[in-house]
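Read through the structure below, which is laid out as C-alpha cells, and then see the notes.
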Amino acid sequence: MKEGRSFLEKLNSRKFLASAAAFLASISGSIAGIVTNNETLSTVGLVCGVISAAIYAALEASVDKASIASQYTETTVTKNETKNTTTNLTKDLNPQQTPQKTDTDED
C-alpha cells in the first residue's frame, strides 16, 4: 500500500502555502488591530486565522479520502426479483420442447 505524502511534500504543497499565507495575513491583521486599539480588526484577524487552518485541514482530509477511495473498490450484490419470472418465460418458450398433440391434429 502506498504511504502518505511526506511532511516536506506537504509543506511545499500549494494548499499549505496558501493556507500559511492566509494565516500570516490574519495574524498581521490581528497585530494591527491590537496596535491601533481596534478590537474589530483584531477579532476578524483571529477568526480568519482559525478559518484558514480549518479549510486546510478539510482539504487535506478530502485528498486523503480520495486517495484511499482510489485504492479500494466496493462490490454490491443485489437480488433481482424478476429473474425467476424471466427464467420461467424462457423455459416456456424453449424451441426444443416437443409440441403437444391436440385433438384437432390428425395423422
- Of all alpha-carbon pairs in the stretch 7-70, indicate the percentage at a distance above 15 angstrom. 57
- the stretch 1-64: GluC sites (Glu not before Pro) falling in loop per DSSP and having at most 11 other Cβ within 10 Å: E3
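Could you list F16, F7 so that the one with the fewest beta carbons within 10 Å of its beta carbon is first and the one with the most is last? Before the final figure, lay out the partial values.
Values: F16 15, F7 7.
Final ranking by Cβ density, sparse to dense: F7, F16.
Read-outs throughout are calculated quantities, based only on the coordinates presented, and are distinct from any laboratory measurement. A quick note: this is a predicted structure, and the numbers were derived from the prediction, not measured. Neighbour counts are summed over all protein chains in view; Cβ atoms, including those assigned to glycine, are modelled from backbone coordinates with ideal geometry.
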